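Shown next, in structure tokens, is the structure this report addresses.
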Amino acid sequence: MANGQGAALGRARRLWIIHGTALYYLVSASPHYGAGRITTQYGSGTFLTHTQKLLYAGLIESSPCVDLFANFSPIREEPMNAIENSPLTQKLSAFVALSKEEMAVLERLHQCRRIFIAGRDLVYQGQSEHAAYILAAGWVCSYKILPDGSRQVVDFQIPGDFLGLRSILLRTSDHAFEPIIDIQAAEVLAGDLLEAFAQTPRLATAILWAASRDEAMVVEHLVGVGRRAADERMAHFLLELGSRLALVGLGTKAGYACPLTQYHLADALGLSAVHVNRVLRQLRESGLVTFRNSQVAFDDYDGLVELAGFDPAYLDQTGPLFK
């Protein structure tokens, strides 16, 4: 470590750090951990990345963290999957067979890796000048808060999904993203994404396909909330999640792990939590699906498909269109 870096860290041990919408407290910079350790009311971890700028109150003004922490390795950050096996690669491969050059560009988009704790927004409604994220592990909900304080969940994001892709091209984000459990995500700045698009048009087309697929899911959710009966709505939603998770190797026709609560389901499906409980019990007693202990088990997959009228064609994941 350079002397300047060590001195800066030594003086910064008891300073608040403003990072995005949160305020963190730097409590140690031990060589044993290899990074400044940050503690919040929600726990501790490292949130220092090479592209973020940290503001040290009254000490260092807008110093890029690459200057202070270039030789550090985060203490809570788990290694990302090899890019060939990453959830995003598996997802995009349903549309196009990625070349080595495209894989290399995709790997660069994964370089700025971060851990986010559950319950704290990555992007808040109305935020401007924010990044997009590639979700590598964990679950996120995107939602919108109404003037009366009620919440409508727009969708749930799973590994391989982009977070805030559309919003970085707009002046402000029209909805928020909140981790449901602790997640790992790669931060992608707008400039880096546009550069990747310019270098690899096929990759850009694949990401556009992913965004179009997300839009198709929102259409299905709108139809579900507006026209499907509660049991059909729930069945369709659970089947869609299963298909999405199967694409990235996290689900089968037997079922999948699911951290969603009945309150999440209620906010997504336009039902009360009591109604959600009643519908899940009805589906379980009918021998169709069991949702218990964070696990969805399809007891009669074909029967559930028939009840929901589920046609996965809108997910467009039967195989690559381009070789």
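The values are calculated or read from the model by the stated rules, or taken from the named source; none is laboratory data. Given the structure is predicted, the values throughout are model-derived calculations rather than measurements. Cβ coordinates were reconstructed from backbone atoms using ideal geometry, including for glycine residues, and neighbour counts include every protein chain displayed.
Quick notes on this structure:
- Looking only at residues of region 108-143 that are among the aromatic types (Phe, Trp, Tyr) and in a loop (DSSP other than H, G, I, E, B), we find that the one that is surrounded by the most Cβ atoms within 10 Å (Cβ to Cβ) is 139.
- Here 287, 251 are screened, and the one residue that is in contact with a helix residue (DSSP H, G or I) (Cβ under 8 Å, 6 or more places away or on another chain), crowded, with 19+ Cβ neighbours inside 10 Å and free of Cβ contacts under 8 Å to residues at least 24 places away in the same chain is 251.
- Scan of region 111-139 for residues that are within 22 Å of residue 82 (Cα to Cα) and either over 8 Å from the mean Cα position of the chain (by Cα) or β-branched (Val, Ile, Thr) (or both), ordered by number: 111, 112, 113, 114, 115, 116, 132, 134
- Within region 197-224, the set of residues being among the hydrophobic types (A, V, I, L, M, F, W, C) and out of contact with any Asp or Glu (no Cβ under 9 Å at 6 or more places or on another chain) comprises 197, 198, 204, 207, 208, 211, 219, 222, 223.
- With respect to (1) touching a helix residue (DSSP H, G or I) at 6+ places or on another chain (Cβ under 7 Å); (2) surrounded by fewer than 19 Cβ atoms within 10 Å (Cβ to Cβ); (3) farther than 19 Å from residue 152 by Cβ; (4) at pLDDT 90 or above, the lone exception for residue 188 is condition (2).
- One residue stands out among those in region 254-265 that are small (Gly, Ala, Ser) and surrounded by fewer than 19 Cβ atoms within 10 Å (Cβ to Cβ): the one that is nearest to the chain's Cα centre (by Cα), which is 257.
- Yes/no for residue 275 being surrounded by 17 or more Cβ atoms within 10 Å (Cβ to Cβ), within 18 Å of residue 153 (Cα to Cα) and of a type outside the set (Phe, Trp, Tyr): no
- In region 81-131, the residues that are basic (Lys, Arg) and either closer than 17 Å to residue 184 by Cα or touching a residue at least 60 places away in the same chain (Cβ under 8 Å) (or both): 91, 108, 113, 114, 120
- Selection status of residue 274, closer than 22 Å to residue 141 by Cβ, touching a Phe, Trp or Tyr at 6+ places or on another chain (Cβ under 6 Å) and β-branched (Val, Ile, Thr): no
- Evaluation of residue 152 against (1) touching a His at 6+ places or on another chain (Cβ under 6 Å); (2) surrounded by fewer than 20 Cβ atoms within 10 Å (Cβ to Cβ); (3) at pLDDT 90 or above (one fails), failing number: (1)
- Residue 240, sole failed condition from (1) touching a Pro at 6+ places or on another chain (Cβ under 8 Å); (2) of a type outside the set (A, V, I, L, M); (3) farther than 16 Å from residue 315 by Cα: (3)
- Helices (runs of 4 or more DSSP H) fully within region 259-312 that include at least 2 residues being among the small types (Gly, Ala, Ser): 262-269, 301-308.
- Test result for residue 225, surrounded by fewer than 19 Cβ atoms within 10 Å (Cβ to Cβ) and among the aliphatic types (A, V, I, L, M): yes
- Any hit, region 237-247, residues being buried (at least 19 other Cβ atoms within 10 Å of the Cβ), touching a residue at least 40 places away in the same chain (Cβ under 8 Å), not assigned by TED's automatic domain parsing to the domain that holds residue 93 and not in a helix (DSSP H, G or I): no
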